[in-house]
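Below: one structure, written as structure tokens.
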Ligand code: UD1
């Protein structure tokens, strides 16, 4: 049983990965400052796992805390989820994004080096493809960024590449997420934005509960079959399983990898809205609004490399994504 440190392990993707890791026989240790995670996540994880995972409350920028954590645990691999991720906010606060996302990564890597822990799974994003030229997007497509958030993700990847080139003991699993959505099948953990959501599925969920009157569809004049934007939505439980496979590959081979995690299948805004309507049992209202600045028409992963290298295949359907989201939302309201 390997001990795995999950920074940001109480957050949306971290908490689902925590469950998948424990179910695969590993021991997760969570470090989280709870700046974007609910206080009751450890209890919910305990309910799911049968025992409370070890949780350290603190920041990845706290070098002293990290030193203590590594000194007292035999960490085999680190999974680094802790980061800021709101694209719009990043444009107002680029320095905060650099400090948390890049400063956090550097502080963590320094602590790892001191503790002789050299394996890390890194949360990257399809954002690093900027405005993609080819769809579906393979990993060797050109990279770029259009906002400070994307800059921090790409710069983080590049730092890891330089580090790996400097010393063969380092091995990194760089995972470029497409659009993670949905919730755990139990309905016990899921995405929980504090404010009005920016992202599509959490927004639709609030329309389904009646908290928001309708979805604003940002543009219906894109060059897509129904005119609305297309994304590669991936169920968060599939994403979590991808992390376990990445970890196992790092531990088995000692070699790093850079992979897309997506389904390879693009879905339009209207398709997602219709699927959510099926999940909650009523047609959900929408209005057509102007395009959102900075949006690209289509983003879709080429998932071939993850399939070949890790045997990873996203198994869950769009209907599963919506049904699990709805189960989580309605269960949470009943708590
Ligand atoms: C966003 C983030 C990206 C992050 C990803 C995963 C931005 C610009 N990008 O990507 O960094 O990795 O989420 O969560 O925030 N849409 C509507 N109405 C809405 C909300 C969204 O029509 O109220 C449309 C968008 O125009 C887009 C699609 O839904 O076509 C998906 O949007 P969203 O969920 O925000 O994801 P991305 O923009 O792809």
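Quick note: the coordinates plus some simple rules give every number you see, no bench work behind them. All values reported here derive from a predicted model rather than from experimental measurement. So basically every Cβ, Gly included, is an ideal-geometry build from the backbone, and we count neighbours across all protein chains shown.
Dividing the convex hull volume of the alpha carbon atoms of the chain by its residue count, what do you get in Å³ per residue?
Details: hull volume 41.6 nm³, N = 335.
It is 124 Å³ per residue.
What is the range 76-195's relative contact order, in percent, from Cα pairs under 8 angstrom and six or more apart in sequence? The partial results should precede the final answer.
Working: 140 pairs, mean separation 35.3, N = 120.
Reported relative contact order: 29 percent.
Share of antiparallel DSSP beta bridges in the chain, in percent to the nearest 5? Could the numbers behind the result be given before it?
Details: 2 of 41 bridges.
Bridges in the chain that DSSP calls antiparallel: roughly 5 percent.
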Subject >> Evaluated over the range 1-75, the Cα radius of gyration and Dmax, each in Å >> reply: 11.6, 31
**OP:** Sort 213-222, 242-251 for me by packing, meaning the mean count of neighbouring Cβ atoms within 10 Å per residue, highest on top.
**Re:** 242-251, 213-222
**OP:** Give the Kirkwood hydrodynamic radius (Å, one decimal) of the range 119-222, defined as one over the mean of 1/r across all pairs of different Cα atoms.
**Re:** 16.6 Å
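At a 10 angstrom cut-off on C-beta neighbours, averaged per residue, how do the peptides 194-201, 302-309 rank from highest to lowest? Spell out each step's value before the answer.
Values: 194-201: 13.9, 302-309: 17.4.
Packing order, densest peptide first, comes out as 302-309, 194-201.
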**OP:** Find the eigenvalues of the gyration tensor of the Cα atoms of the range 66-112, then list the square roots of 5 times those eigenvalues as equivalent ellipsoid semi-axes, largest first, in whole angstrom.
**Re:** 27, 10, 7
**OP:** Using 0.36 nm per residue of separation minus the Cα-Cα distance, give me the extension gain between residue 52 and residue 278 in nm, one decimal.
**Re:** 77.9 nm
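Find the Cα radius of gyration of the range 22-120, compare it with 2.2 N^0.38 Å by division, and give the number to two decimals. Each step should come with its number before you reach the end.
On the way: Rg = 14.6 Å, N = 99, 2.2 N^0.38 = 12.6 Å.
Relative to the 2.2 N^0.38 Å estimate, the range 22-120 comes out at 1.16.
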**OP:** When you have a sec, figure out the Kirkwood radius of the range 221-309 from all distinct Cα pair distances and drop it here in Å to one decimal?
**Re:** 15.4 Å
Original post:
Cα convex hull of the range 172-272: mean projected area in nm², to one decimal?
Top reply: 8.2 nm²
Subject >> Between helix 318-334 and the chain: long-axis angle, C-alpha atoms, 0 to 90°, nearest 10 >> reply: 80 degrees
Original post:
Along the three principal axes, how long is the range 59-208 when you take its alpha carbons, biggest first, rounded to the nearest angstrom?
Top reply: 48, 39, 32
